[in-house]
Amino acid sequence: MEQPEPPPGLTHTVVDGVATVVISNPAKRNAMTTAMWRALPPLLDALAADPAVRVLVLTGAGAAFCAGADIAALREPGTGAQEAAVRAEEALAAFPRPTLAAVRGPCVGGGAQLAVACDLRFAEEGAVFGVTPARLGVVYPAAATRRLIALTGPATAKYLLFSAELIDTGRALRGGLVDEVLPPGALAERVAAFTRVLTGRSLLTQTAAKEFAAGDAGPERVAHWERQAREQALPGGDTAEGAAAFLERRSPRFTWNG
């Protein structure tokens, strides 16, 4: 499938089923400009439509994940910067395949908002995290607040939101904000190994689990997944293939792609 042109400040590759989106604004530690917020949803839409994409990794260029939103935009009324950030976050949270944030250095403000919108977060030791709207007098979006609470629990979410203090990877791991912490230099290798695991697993299972975990699967969607389960249990389906591979002690060859 023809890939979209990279928008300013965002680059991407698709290799062996893994789409990697890189936030790149080195002059401001990869802060997200309004143009970058606006460019992210169409890029994600294009990657979601690509059947070759099985997993999405979001990371930052160089030694920073994302230091937040470009604060200059907040001083310019009418730019729609906050609305663009919310739309970008929602698009990332709704991406239909597994998503993983690979974090080095600062992951603050809008950067933390993006990382929390991913399904999983792997961080390198030395990364710092902060949810900082209280420093700016900004009302944090309701959906982003609920997503943070669901991830960390109310106490940690309130600590981050009320204080706008930065926390290290140890506290982030204990609080549920990150899933794994890696030694310096080991993040890329671990992410590559883990995404190979994900691309070898059942996309049927992953997609259904992601939708159920979001908590918004109504009766029609539940019925849809029940039909999928019945169909995939028939000969040639992924459930049948998974059982056969287990009994034959080989790797499964899953083919379901939505």
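Modelling each spin label as a point 7 Å along the Cα-to-Cβ direction, I'd like the ARG87/ALA213 distance in nm, to one decimal.
2.7
Can you give me the angle between helix 142-152 and the longest principal axis of the chain, using Cα atoms only, in degrees from 0 to 90, rounded to the nearest 10?
That works out to roughly 70 degrees.
Highest first, please rank the peptides 95-102, 152-159 by the mean number of other Cβ atoms sitting within 10 Å of their residues. Before the final figure, lay out each step's value.
Working: 95-102: 22.6, 152-159: 15.6.
Ranking, from highest mean packing down: 95-102, 152-159.
Most exposed first by the Cβ proxy, i.e. fewest other Cβ within 10 Å, how do LEU177, LEU182 rank? All intermediate terms of the calculation are to be shown ahead of the outcome.
On the way: LEU177 25, LEU182 21.
Result, fewest neighbours first: LEU182, LEU177.
Which percent, to the nearest 5, of DSSP beta bridges fully inside the chain are antiparallel? Before the final figure, lay out the partial values.
Numbers: 8 of 30 bridges.
Around 25 percent antiparallel, to the nearest 5.
Say each of LEU247 and HIS224 gets a label point 7 Å from the Cα, pointing the same way as Cα to Cβ; how far apart are those two points in nm?
Distance between the two pseudo-spin positions: 3.2 nm.
Which whole-Hz ³J(HN,Hα) couplings does the range 104-110 yield from phi under the Karplus relation 6.51 cos²θ - 1.76 cosθ + 1.60, θ = phi - 60°, glycine and proline marked x?
10, x, x, 9, 10, x, x
Mind sorting CYS118, CYS107, CYS66 by how few other Cβ atoms lie within 10 Å of their own Cβ, fewest first?
Details: CYS118 21, CYS107 33, CYS66 30.
Going from sparsest to densest Cβ surroundings: CYS118, CYS66, CYS107.
Once phi is turned into θ = phi - 60°, what whole-Hz ³J(HN,Hα) does the Karplus curve with 6.51, -1.76 and 1.60 give for every residue of the range 86-101, x standing for Gly and Pro?
So the J values, rounded to whole Hz, are 5, 5, 5, 4, 5, 5, 5, 4, 8, 4, x, 10, x, 10, 9, 8.
Test of understanding: ordering VAL53, VAL197 by Cβ neighbours within 10 Å, fewest first, what list do you get? The partial results should precede the final answer.
On the way: VAL53 20, VAL197 9.
Starting with the residue having the fewest Cβ neighbours, the order is VAL197, VAL53.
Evaluate the charge dipole of the chain about its Cα centre and quote only its size in Debye, nearest 20, assuming +1 on the Cβ of each Lys and Arg and -1 on the Cβ of each Asp and Glu. The partial results should precede the final answer.
Numbers: 25 positive and 26 negative charges, 94 e Å.
So the magnitude is around 440 debye.
Determine the dipole magnitude for the range 202-248: charges of +1 sit on the beta-carbon of Lys and Arg, -1 on that of Asp and Glu, nothing else is charged, the reference point is the Cα centre, and the result goes in debye to the nearest 20. All intermediate terms of the calculation are to be shown ahead of the outcome.
Working: 4 positive and 8 negative charges, 17 e Å.
Its charge dipole is roughly 80 debye.
Work from the charge dipole of the chain (Cβ charges, +1 for Lys and Arg, -1 for Asp and Glu, about the Cα centre) and give the residue of ALA143, ASN25, VAL14 farthest towards its positive end.
ALA143
Values in this text are rule-based calculations from the coordinates and carry no lab data. Just so it is clear, the model here is predicted, and its values are computed rather than measured. Quick reminder, even Gly has a Cβ in these numbers, built from the backbone with ideal geometry, and neighbours come from all protein chains shown.
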